[in-house]
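The values are calculated or read from the model by the stated rules, or taken from the named source; none is laboratory data. Every value quoted in this text rests on a predicted model; they were computed, and no experiment measured them. Cβ sites come from the backbone with ideal geometry, for glycine too, and all protein chains shown count toward neighbours. For the accessible areas, the whole protein counts, side chains as well, though only heavy atoms, and no ligand, DNA or RNA atoms are used. Shrake-Rupley method; radii C 1.70, N 1.55, O 1.52, S 1.80 Å.
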Amino acid sequence: MKTVYMINGFLESGKSEFIRYTLEQPYFRIREKTLLILCEEGEVEFDEKLLKSSRTALELIEEESDFVPDKLKALEKKYKPERIIIEYNGMWNFKEMKLPRHWNIEQQITTIDASTFPMYYTNMRSLLAEMLRESDLIIFNRCDGIRDLSSYKRNVKAINQKAEIVFEDANGEVNAIMEDELPYDLKQDTLELDNIGYGVWYLDALDHAERYAGKQMVFTAMVLKPKGFPEDYFVPGRMAMTCCADDMAFLGFACEYEGAGALRERDWVRVRAEMRWEYWADYDGEGPVLHAVSVEKCEAPEKEIIDFS
């Protein structure tokens, strides 16, 4: 298998700066050759001295029609690299991208210029979502002077809940969601979650479970009963529109409830539960797990779908 590092992002989003910085780092240096494939030319150029010192060969593929397995295998044969870095063109449909079968994406990173994020999120959301959906790391740079980073994080987390998200300004990394920006008061022992509150709580709890330790959450949810779940567990959650009407996700955590066996799939319930951080097989480790204090059947809310789009 050939190791591939995929760097996504729209033009001038900081892809080349990230790659250049990475090539400069001692920890990224190897004795074997690296192949760097650029799918567009931005303002940042790669210095010949850096390419030589990092044993990196650079190739440019300007047309999407040329980015095909046969062309990529020919470049591999030409340079015989140990690893491959691809700076992918943000205007190409990532969903349609095809690599040689033996090329394995080790890490996918998306860079975003925070100052232009609202424009791309509004006008090119489908392309952006394809880039974000499988990314391991999402880097928002140029965050100087932007106050609403919390909403940026929610928009991205709704598309990709597992990715690590980093915000950077001229002084380095910045914290994205402050407690006073949440739509509920963390000083309270019980948090009543409306539609927006549920969505924010779900996404925030993935990163900051400690904020909710010892508290009870009260919310309206749909019942999901995955196949193979333990008898005394179910998933209360909400459907969320993350990109468009055709791109929906169910947001919910596993919940222990001794009466779970009497619940039916797609029932609507009012849940009061405590959240704990503990082992759960589907997480491949530890993660948020709810423990129900009470579960009562109820009517569906007026707006059944949470809209992050």
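Cβ under 11 Å from LYS80's Cβ, LYS80 left aside: what net charge do those residues give with Lys, Arg +1 and Asp, Glu -1? With Lys, Arg at +1 and Asp, Glu at -1, the net is +1. Sites listed here are trypsin sites (Lys or Arg not before Pro) in the stretch 1-84 whose DSSP assignment is loop and whose Cβ has at most 15 other Cβ atoms within 10 Å: ARG29, ARG31, LYS33, ARG55. Going 7 Å from the Cα of LYS225 toward and past its Cβ, which residues in the stretch 278-309 have a backbone nitrogen under 16 Å from where you end up? Flagged as within label range: 295-298.
Could you give the size of the charge dipole of the chain about its Cα centre, using +1 on the Cβ of each K and R and -1 on the Cβ of each D and E, expressed in debye and rounded to the nearest 20?
That gives the chain a dipole magnitude of about 1020 debye.
Centre-to-centre separation between the Cα atoms of the stretch 1-68 and those of the stretch 257-292: 44 Å. Go ahead and run the numbers for FRET between ARG272 and ARG101, Cβ-Cβ distance against an R0 of 45 Å, rounding to 0.05. FRET efficiency, ARG272 to ARG101: 0.35. Length available on full extension from ARG31 to THR190: 0.36 nm per residue minus the Cα-Cα distance, which gives 51.6 nm. Based on C-alpha pairs under 8 angstrom that are at least 6 apart in sequence, the stretch 102-239 has a relative contact order of 17 percent. For GluC sites (Glu not before Pro), the sites in the stretch 246-293 that DSSP calls loop and that have at most 15 other Cβ atoms within 10 Å are GLU258, GLU265. Span-like helix criteria (full DSSP H runs; alpha carbon extent of at least 18 Å along the helix axis; mean Kyte-Doolittle hydropathy of at least -0.5) are satisfied in the chain by 195-207. A Cβ-based charge dipole, computed about the Cα centre of the stretch 190-248 with Lys and Arg at +1 and Asp and Glu at -1, lands at about 140 debye. Note on the stretch 123-147 and the stretch 200-229: Cα centroid distance 25 Å, given to the nearest whole angstrom. Helical content alone sets the calculated 222 nm signal of the chain at -6500 deg cm²/dmol, taking -39,500 (n - 2.57) per DSSP H segment of four or more residues and averaging over every residue. Toward the positive end of the charge dipole of the stretch 2-158, with +1 on the Cβ of Lys and Arg and -1 on the Cβ of Asp and Glu, the farthest Cα among SER150, PHE94, SER135 is that of SER135. The computed Rg and Dmax of the Cα atoms in Å for the structure shown corresponds, within (i) 20.6, 70; (ii) 22.4, 68; (iii) 18.7, 52, to (ii). Our estimate of slack between SER126 and ARG264, defined as 0.36 nm per intervening residue step minus the Cα-Cα distance, is 46.3 nm.
For the pair GLU64 and SER294 in one chain, pulling the backbone fully straight at 0.36 nm per residue adds 77.3 nm over the alpha carbon distance. The simple spin-label model puts a point 7 Å past each Cα toward its Cβ; for GLU76 and ALA213 those points are separated by 4.7 nm. In the context of the full set of protein chains, the chain has a per residue accessible area of 53 Å² (1.4 Å probe). Placing dummy labels 7 Å off each Cα toward the beta-carbon, the span from GLU41 to ARG147 is 4.2 nm. By accessible area, using a 1.4 Å probe on protein heavy atoms only, the chain has 45% of its surface on carbon and sulfur. Checking every one of the trypsin sites (Lys or Arg not before Pro) in the stretch 212-262 against DSSP loop status and a limit of 11 other Cβ atoms within 10 Å picks out LYS227. Peptides 185-196, 85-96 ranked from most to least packed, by the mean per-residue count of other Cβ atoms within 10 Å: 85-96, 185-196.
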